[in-house]
Structure formats: structure tokens, C-alpha cells
Amino acid sequence: MAEKKWLPRWFYQLASPRWCYQICGKLLPWFTVAMLLLLVGGTAWSLAFAPADYQQGNSFRIIYLHVPSAILAQSCYMLMAVAGAIGLIWKMKIADLVAKSCAPIGASMAILALLTGAIWGKPTWGSWWVWDARLTSMLVLFFLYLGVMALNSAIESESTAAQATAVLALVGLVNIPIIKYSVEWWNTLHQPATFKLTEKPAMPAEMWVPLLVMVIAFYCFFAVVLMMRLRNEILRRERRSGWVKELLLSN
Amino acid sequence: MSDLYTNSGPVAGQLHIGRLFVATLRRDLMLSLRRKSELVNPLIFFLMVITLFPLGVSPESGFLSQLAPGVLWVAALLATLLSMDALFRSDFEDGSLEQLLLSPQPLYVVVLAKVLAHWSLTGLALTLVAPLIAVMLFLPAQGMPGLLLSLLLGTPTLSLFGAIGAALTVGLRKGGVLISLLVLPLYIPVLIFGSAAVQAAVTGLPVAGHLALLGALLAFGLVLAPLAIGAALRISVSG
Amino acid sequence: MSFDSFSEFLAMGGHGLYVWLSYALGLVLIVYNLLAPRRERKRLLAEQTRRLLREGNRQ
């Protein structure tokens, strides 16, 4: 294995389900505490202390949910595709499990971004749904998640399902920028110069700092849910192994 | 290019890359031409979907001519999608797909030939029928070149992306609905640029930009899609 | 504080419905995402322990 030395040691350790299960278990409480503090603090800040927007009034406060969930939905797809690629290339089981655990979290974040965007649209544009470029791309991203999840549940063999899903996720990842630009271009063609939800020339600090807090809180939330799901998947996959039996019997 | 394959490894039975392409193309075309019903089904579907719009929306000519670019493209897209499931299905069922994967021939070329054969019997046929149907939707005459060219450049991309979905689901008994779920989001850019090209042609605007974008998508698909199709086929067949 | 009274805070300058609806949906989705794997873990542990005991008894 001399030719593979350029990869750090923890990369190989991660491949051990037991090690990964334990490290996730150790990290979980820290991330849970961070998530709770940041979520509660960020929500209070964004709801009560951040100033209202001079144009949109208090409906602007929806940004503190809409933007973090949209960012998370996108980066979750990225992680899913990268983990899938690692699983395909290095045949690493843990990467497959990470990819599988990502899909439902990302899909629910896409739903949240879509719903909050739609609710925001009502006071801003006067209707519950507008074919805005960002909302439409988010809808497509949601469809991509649905496709990945449908394919994963349709294939019975777990390893085949993981590989097929990884290929689909990679194809989706390559296509996301193309879809995004085509949708943006289509939008400018049909609705020239509409009022954009989140594009502000310059946001004052008292507005973007709570937004940043919420984004970090959402990432902590993502880490917590991902680790919980990953631990479940490891337990399921490794249920016949010795260390899981020990763990079960010690309970 | 050909040296790359013939000289790289002295594997017995390896064909010249061009001959391999032509042989696969001929085989697939011949097999498809024998099954006449599957050949015309997408065309009939195309015609029927188009018929639904005047019935469901309005037969008024001014309205339909406005709707025509989008409707024609959506119907062509759905008709391609419908035919996608059959692309690898029969080869998978009679075992020839597995033989193909085991053979020393470069899979990229074989897959490309298969998709080309499929496209020439669905996408190309749809493109040739489209002007006839465009007349029924009162598409103005100046939109015809735009329609033909955009379909000619866009439908191969649809076939390439659709083949990824077909390859991923070929091992499943109920692949049909799943394919559309997997592939439809990927079709969105082609739909946008395709219908925009027709719209531009109708209003007399230059179509070259739209066609260039469709061509770029096609080039992109030609290079990358066969790799994904090949990987997906290996996964589906071995699983 | 950008609000003078609690009722003003609830009203959100006339946008109360939209803001509170969004935050309620956010809360529901976050709580669901946290509870679903927890429940799944309990189910998994119980199921596998039962299987283990069953197989142990048979030998």
C-alpha cells in the first residue's frame, strides 16, 4: 500500500465502521449543544433584535430561515455526490452510508427553503408562488433529491443501490450549474427586472450577523442529524459483527 | 485514435473502433426496425399529446400559435422519455448486455452507437414529423427552421441523458416511471433553450445563440454521458 | 429590541402570519429531523437485541 501514503491516516480510520461509530458518538453531544445554543440565540436575534427591512418590513425576517436552509440544501447535495464518488472510487462503505444519510436531510431542507420562499412571496409579490429563478432552481434541486431517494429505495441490494445512487448524484452535480444558469436565463427572458427576494445591494451588519449565526446553526444541525443517521446505518449494516453484538448485550 | 485501442493491449478479438461503432449501430437499428410497433409508438404518442392541447385549452389559432413552441418541445421530450425504457431492456433480458460488458471492446463506443441508433429512430423521427404537427398548432412558417434545427440539436442530448436513467434502472422490473423521475430534472436546460429557440425564430430574432447553447449541451453530453451510462450499466448488471 | 411591546412583536407590523408560519414550519422540520433518527435508533436497538437473544436461546 506504499503508493497510497498521500492520504492521511484518519481517512483510512474513517473506513472502519466501528471507529466511525465511536467518533460520531463522541462528537454528537458537542454538536448538539452548539446547535441548540446557536439555533435558540440566532432565532431570538433574528426575530426580535434584528432591524426590520425598510422596504419589506418584518416579513424580511423570513430570510433567517430561507437562506440557511437553501444553502444547506445545496451543500448537502454536494456532500452526497462527493461521498458517493468516494464510495465508488475507494469502495469505502462508510462513504456510501454518508451519501445515503444525506438525501433525506437535504430534501427536507429543500422543502423548507421552498415553503419559506413561497410564504415570503405572499407579502412581497402578492402571491404564494412566483416562478422566480431561485425558487425554480430550488424546486429542481428538490426533484433531484426525490430522484436519488426513489432510485435508492427501488434497488434491493444495498451495495448496488449505493453505487447507482452515487452515479446519479454525480450526474446531478455536474448538471446543477447548467440547470441553474438556464433557469436564471429563462427567468430574465420572461420576467425582466423583478424585485429579488434576497439580493440586497449591501446588508448592514445588524442584519447579516444574525444570518451568519443562523447559517452556522443550520450546519451544526446538519452535522447532528447526519451523525445520528450515520450511526443508525452503521448499526444496521454491521449488525452481525462482534462489536455490535457486544454493544447490544451491554445495553 | 484507433491506434490507441488496437495497439494498447493485444487483447484477442478486439475490433477496430470505427468498425465496432458501425457494427453496433447496424445491429441495434436492425433489431429496432424488426419491431415496427415500438418504432411508431413514440410518434403516435407525440401526435396524441399534441392533440390534447387544443381539446384541453382552446382551438383558437392565435392562442395555439403562441403556445406551440413550448407544447411541441414538451411533447417531444415526453415522447423521447417514453421510449427510453426500451433502450437496454431487451438486451438485458436476453443476456446480450452482459456479454457486451464482458467483451474487450471499449464500452464508450458501444454505448454511443446504441444511443445513436435509438436517437435516429425516435429523436430524428420526431424531428421529421414535427413540422407537420407544428402546422396543426398554427406555428408561423418563419418558426419552422428554428423548430427543426433546435429539435435536431436538442433531441440527441435528451437521448443521451435519458440513457443514463435507462442504464440505472435496467435491472429493475418497474423502471418506467422511475426513469422519468430521474431524468426529467436533467431535461430542463434542453427544454428551456429549445423552446426559446423556436420562440426566437417565430418573433424573427436571431436563433444562433440558442442553437449554440443547445450544441454546447450536446457536445457536453457526448463527452460525459457515455461514461456515466457505461458505469451505470456495469452497476446494474453486476447487481 | 426592534419592538416596543409583546403584541407588536406578535403582529410583526402586519406580517405576523407570514413570519410565524415560516418559523413554525422551520421548527416542525427541524424537530422532525432530530426525532426521526432517534426513534429509528431505538427501534433498531430493540429489534437487534431481540434477534440476538432469540438466536442465543436457540443454540
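Numbers at a glance
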read-out: Förster radius 56 Å - calculated FRET efficiency between C:Ser7 and B:Leu101, Cβ distance, rounded to 0.05; value: 0.20
read-out: For peptides A:236-247, B:178-189, sequence by mean Cβ density within 10 Å, most packed first; value: B:178-189, A:236-247
read-out: Nearest 10 degrees, 0 to 90: helix A:205-237 Cα axis against chain A principal axis; value: 30 degrees
read-out: Shielding by partners - mean other protein chain Cβ count within 10 Å, residues of A:134-142; value: 1
read-out: Over 30 Å (Cα to Cα) - which of A:Lys122/C:Lys42; A:Lys180/C:Lys42; A:Lys91/A:Lys245; A:Lys100/B:Lys36 fall in this group; value: A:Lys122/C:Lys42; A:Lys180/C:Lys42; A:Lys100/B:Lys36
read-out: Selected from B:Pro145, B:Pro42, B:Pro104 as most flexible by GNM, with chain B as the system and alpha-carbon contacts under 10 Å; value: B:Pro104
read-out: Gaussian network model of chain A, springs between alpha carbon atoms under 10 Å - residue of A:Met228, A:Met203, A:Met80 with greatest fluctuation; value: A:Met203
read-out: Chain C: angle of helix C:16-58 to the longest principal axis, Cα-based, in degrees nearest 10; value: 10 degrees
read-out: Inter-site label distance for B:Val57 and B:Ser37 at 7 Å from Cα along Cβ, in nm; value: 3.3 nm
read-out: Residues of type aspartates and glutamates that A:Lys93 reaches as a straight line, Cα spacing below 16 Å, ignoring anything fewer than 8 places off in the same chain; value: A:Glu158, A:Glu233, A:Glu238
read-out: Qualifying trypsin sites (Lys or Arg not before Pro) in the range B:137-239, DSSP loop, other Cβ atoms within 10 Å at most 15; value: B:Arg173, B:Lys174
read-out: Pairwise centroid distance, computed over Cα atoms, of the range B:81-149 with the range C:1-16, Å; value: 60 Å
read-out: Folded to 0 to 90 degrees: helix B:176-203 orientation relative to chain B principal axis, Cα; value: 50 degrees
read-out: For peptides B:193-203, A:25-35, B:111-121, sequence by mean Cβ density within 10 Å, most packed first; value: B:193-203, B:111-121, A:25-35
read-out: Averaged over A:52-62, number of beta-carbon atoms from partner chains that fall within 10 Å; value: 5
read-out: Shielding of B:183-195 by partner chains, average beta-carbon count, 10 Å; value: 5
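Taken together, the values in this text are just the output of simple stated rules run on the coordinates, not laboratory data. Here the structure is a predicted model, which means the values were calculated and not measured. Please note: Cβ atoms are built from the backbone with ideal geometry, for glycine as well, and neighbour counts cover all protein chains shown.
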